[in-house]
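The values are calculated or read from the model by the stated rules, or taken from the named source; none is laboratory data. Nothing here was measured: the structure is a model prediction, and the numbers come from that model. Don't worry about glycine lacking a Cβ; one is built from the backbone with ideal geometry, like all the others, and counts go over all protein chains shown. Side chains included, ligands, DNA and RNA excluded: accessible areas come from the protein's heavy atoms. Shrake-Rupley method; radii C 1.70, N 1.55, O 1.52, S 1.80 Å.
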Amino acid sequence: MTGHRVALVTGAARGIGAATVRRLARTGWAVVAVDRCADDPDVPYPLAGPGRLDALAAEFPLVRTVRADVRDTAALRNAVELAEGEFGGLDAAVAAAAVMLGGGPVWEQTDAQWRTLLDVDVLGVANLARAAVPALLRRPRPRSGRFVALASAAAHRGLWGLGAYCAAKHAVVGLVRGLACDLRDTGVNAVGVSPGSTRTDMLRATADLYELTEVDKLAEQQLSGRPLEPEEVAAVVAWACSADSFAITGSVLHADGGFTA
């Protein structure tokens, strides 16, 4: 048991998820970092390997790692049990695991693409809520639990060739809003964070989908003038996890470099 605030982060092996683990750990949090750490036959680009998750545990003494797929609710519950058993409870859950699929109009998206997007990007968030929210509520009052889901600028705009992905991310925003209502007056908030183009492996995969050699071209509509760095989005996520974010629930923080301005 520790006196630290405790978080569980999915999609933790790379990108915004890994940056969030590092941000939280550097500011005194204990973290359970969860990632599938294996490629998916229905995802046409490489996913993170186990070495990237192991590196987080090597960096920080209060980071524990779990290899689990967010489609597996039982595995997520085991990760929550680890957080409670190792660190004494859970104060924040961050749903950062997601995949990006597309490349053509909505009517040409395959059954496998739809299934993977909805199962990982939407049900994966719901599965984390099912596993983690009861633990957040087990903290004694007054509590300041936080459930934070990574949505996307695609949750607020249509994007060519990414209609199914847009639909999945719109659903994440709806899930967060409904969850926030369910958590009314509990001291646990639910918040979405919608990143814009962020310099991650997923952005590289998106550039490949659009046959772009330079990922920076995907940020041309952002007022920032460049892709965001994962650490810049993680700073927003970490604030959303903090007790200072009490006023924000059922809302979306647009960490998109001004894309939706």
Qualifying residue in segment 11-19 (condition: more than 17 Å from the chain's Cα centre (by Cα), under 22 Å from V176 (Cβ atoms) and surrounded by 15 or more Cβ atoms within 10 Å (Cβ to Cβ)): no
Condition met for R14 (charged (D, E, K, R) and out of contact with any helix residue (DSSP H, G or I) (no Cβ under 6 Å at 6 or more places or on another chain)): no
Restricting segment 29-48 to residues that are open to solvent by less than 30 Å² (accessible area, probe 1.4 Å) and among the small types (G, A, S), the residue that is nearest to the chain's Cα centre (by Cα): A33
Segment 82-121, residues that are β-branched (V, I, T), open to solvent by less than 50 Å² (accessible area, probe 1.4 Å) and closer than 17 Å to V43 by Cα: V99, T116, V120
Selection within segment 132-152 - open to solvent by less than 20 Å² (accessible area, probe 1.4 Å) and either of a type in the set (S, T, N, Q) or under 30 Å from R199 (Cβ atoms) (or both): A132, R146, F147, V148, A149, L150, A151, S152
